[in-house]
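So the structure is just underneath, and the comments pick up after that.
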Amino acid sequence: MTAPAPVSAWFDCSSGVAGDMLLGALLDAGASLAAVRGAVDAVVPGAVRIRTEPVRRCGLAATKAHVDTEPGPPHRTWHAIRALLAGAALPGPVRERAHAVFARLARAEAAVHGIPVDDVHFHEVGALDAIADVVGVCAAVHDLGIGAATATPIALGGGRARTAHGELPVPTPAVLRLLADQGAPARSGGLPYESATPTGVALVLSLCAEWGGLPALRLTGTGYGAGTRDPEGTPNVVRVVLGTAPEAGAETDAARAVVVSANVDDLDPRIWPHVLARLLAAGASDAWLTPILMKKGRPAHTLSALCPRPALDAVRETFTAETSTIGTREHEVAKHELEREFRTVPVGDALVAVKIARRAGRIVNAQPEYEDVAAAAAKLGIPLKTALARSVAAAEGALEHERSAPWTT
């Protein structure tokens, strides 16, 4: 029997991260609530009840994980938490990952307060709800069979936060230390409150070895975990995407294409714009013309078209029907495309579409669509070059605050 492919996960932390948000996302993605409850109860028997609630954040359906606790010690030492984990009947991977998360937190707290690691007293992160978050997330990861994981840079927020040590600036010192210890990327996210907690950050750092946009995956599931706040304009959720990595050396159909070409030396040049348009209509992704010099010094053109395999027959037919060629050459290529999407920006009374390209979640290019710019110039009664300049300025202005951050939708 063939072993199941290992599950990979991608965590979208562009709105921040907290332990309960991660737990909600994993439960929403299909993790067993019974397995999570059993693991937490093994560490702190009878002290915690975990329940879920379907909620909406900025109109997006999500799962809110609630951790209801009984009165307990106000703080615990790292030694006490180690003992709880060691004595609990947990699967080995769950115990090891939970131990790693708390060890990471202990090192950060020790560095922030200038004390030995064994002398660290946990406050927020040592409370019952944080123990439930850490152990619950580790149990959910184990239940889903997640191995490799990737995350976006974490949005940290801003302002000030109340902690057991008093009111601290956001990002809090512990969060900054956690990120610095691993050299992990982060950003403010433009949020006026604490959007990333030490527990949430430590969990993501323990789970993820790589950072960036959604990697190549054969998707198998998604989940959305809600935070407590519901701010306008931003869904306060952690999103998890589950899938399996493509087999080594394999390419998806969308990543392969065929270049069809032919040398033509006897076609009226006035026909070429029509030929290029017909190739695009036949399904080619792109079509172009290259001037060449053929045998006996004859000027000519190489006609080329890039097309997906389903459009290959129609593109071949267009070559022979619309030009004088009696054959074509073909070779397969691998396509590596940036993520693309469109937004519209106002230019006077007109709207212009802007094509946005991203690499690893970051905007690397934004170009107004020519046809929209031309239509705006006609509508506004201004020169085309003026309409283009205004369109570029409008696009840059609309995207300025996102240029240095992952693009999120």
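The values are calculated or read from the model by the stated rules, or taken from the named source; none is laboratory data. Model, not experiment: these values are computed from the prediction. Note: ideal-geometry Cβ built from the backbone for every residue, glycine included; neighbour counts use all protein chains shown.
Structure values in brief
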read-out	value
G38 vs. criteria modelled with pLDDT of 95 or more, of a type in the set (G, A, S) and within 27 Å of P173 (Cβ to Cβ)	no
Filter result (under 12 Å from V260 (Cα atoms) and within 40 Å of the chain's Cα centre (by Cα)) within the range 309-326	R309, A311, L312, D313, A314, V315, R316, T318
Listing of strands (runs of 3 or more DSSP E) fully contained in the range 219-330 that carry 2 or more residues being over 30 Å from S14 (Cα atoms)	256-264, 286-293, 299-307
Checklist (1) in the same structural domain as H274 (by TED's automatic domain parsing); (2) in contact (Cβ under 8 Å) with a residue 12 or more places away in the chain; (3) of a type in the set (D, E, K, R) applied to D313, failing item	(2)
Unique residue being surrounded by 13 or more Cβ atoms within 10 Å (Cβ to Cβ) and of a type in the set (A, V, I, L, M) when the list is A321, A314	A314
Tabulated pairs, the range 228-240, first in contact (Cβ under 8 Å) with a residue 40 or more places away in the chain, second among the acidic types (D, E) and not in a loop (DSSP other than H, G, I, E, B), C-beta under 7 angstrom, 6+ apart or interchain	V238/D12; R239/D12
Only one of A405, A366, A395 that is at pLDDT below 90, under 30 Å from G213 (Cβ atoms) and over 22 Å from the mean Cα position of the chain (by Cα)	A395
Residue match in the range 51-63 (condition: of a type in the set (D, E, K, R) and more than 31 Å from the chain's Cα centre (by Cα))	no
Single match in V354, V347 (criterion: in contact with a helix residue (DSSP H, G or I) (Cβ under 8 Å, 6 or more places away or on another chain), hydrophobic (A, V, I, L, M, F, W, C) and modelled with pLDDT under 90)	V354
Which listed residue, of A47, A39, is over 30 Å from P215 (Cβ atoms) and assigned by TED's automatic domain parsing to the domain that holds G158	A47
Pairs where the first residue, in the range 17-31, is assigned by TED's automatic domain parsing to the domain that holds D143 and under 10 Å from G136 (Cα atoms) and the second is assigned to a loop (DSSP other than H, G, I, E, B) and not charged (D, E, K, R), C-beta under 7 Å, 6+ apart	G19/T197
